[in-house]
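Contents: one structure, followed by commentary.
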Amino acid sequence: MARISKENYYLDIAETVIGRATCLRRCYGAIIVKNDEIISTGYNGAPRGRRNCVDMGRCTREIMNIPRGERYELCRSVHAEANAIISAARRDMAGGTLYLAGKDAATGRCLPDTSSCSMCRRLIINAGIAKVVCRTGSDTYTVTDVQDWIEDDDTLPLGAE
C-alpha cells in the first residue's frame, strides 16, 4: 500500500470536516496545521445560535440569483477558513498552513476551483498563516504562499500601486 502525501492526508481531514457544513450551495472544510499538529478546524455555516440554510431549506443568495463570489454580506454562513481562524490563537497559527477542501452541496463532487475569497484572504494574512493548500481533485491540490497575496493586493484599484 502506497503512503499518501502529507498534503492529501490533511486535505482528507479537511474533507471530513465538510460533513458539518450547512450551506445549500458549496460546502467547505478547513484545518490549520503547524508543526505537523492540527491547531483547529472550521466549516461553513451560520453563526452560533442562528438557523442554518440547510435547516431552513433556503438560501438567500440563491433566491436572489446572486452569482458565486458576489455579495457575501447577504450570506448567512461564516466561511470555513474564518471559523478555523476564530477557533485558534494567533500564536498557534502563525507560520502554519491552512488546508481547504470544497464540495458542491447538490452533487457532493469536489470543487476543482476551491480557493479562499478576498475576505478570507485578509483573515488568513492577519492570522499569520504562511501557506494555503486547496484540494482541486481527489488527490490534486494547489499551494499558495500567503506572501503572494500580500504582494499582489487584489483590493487595490487598477493603477493604484
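Data overview
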quantity: Residue order for ILE86, ILE38, ILE31 - accessible surface, 1.4 angstrom probe, largest first; calculated: ILE86, ILE38, ILE31
quantity: Surface accessible to a 1.4 Å probe, SER87 within the full protein complex, Å²; calculated: 70
quantity: Distance between modelled label sites at TYR72 and ASP104, nm, 7 Å Cα→Cβ extension; calculated: 2.3
quantity: Accessible surface of the chain [probe 1.4 Å, protein heavy atoms]: carbon and sulfur percent; calculated: 47
quantity: Net lengthening on full extension, GLU62/MET1 (0.36 nm per residue, minus Cα-Cα); calculated: 17.6 nm
quantity: Magnitude of the charge dipole, the range 37-84, Cβ model with Lys/Arg +1 and Asp/Glu -1, debye to 20; calculated: 260
quantity: Set of lysines with alpha-carbon distance to LYS34 below 19 Å, sequence-local pairs under 8 removed; calculated: LYS6, LYS131
quantity: Calculated from backbone phi, Karplus (6.51, -1.76, 1.60) coupling profile of the range 60-66 in Hz, x at Gly/Pro; calculated: 4, 5, 5, 4, 8, 6, 7
quantity: Ratio of Rg to Rh over the range 1-118 (Cα coordinates, Kirkwood Rh, two decimals); calculated: 0.99
quantity: Solvent-accessible heavy-atom area per residue, rounded to whole Å², over the range 1-138 at 1.4 Å; calculated: 55
quantity: Stretch gain in nm, segment ARG91-ILE125, where the contour uses 0.36 nm per residue and the Cα spacing is subtracted; calculated: 10.9 nm
quantity: Positive dipole terminus of the chain, leading residue within SER77, CYS134, ASN52 (C-beta point charges); calculated: ASN52
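The values are calculated or read from the model by the stated rules, or taken from the named source; none is laboratory data. In this text the structure is predicted, and so the values were computed from the model without any measurement. No Cβ is skipped: glycine too gets one built from the backbone with ideal geometry, and neighbour counts run over all protein chains shown. Ligands, DNA and RNA are stripped out before the accessible areas are found, and what is left, the full protein with its side chains, is counted by its heavy atoms. Shrake-Rupley method; radii C 1.70, N 1.55, O 1.52, S 1.80 Å.
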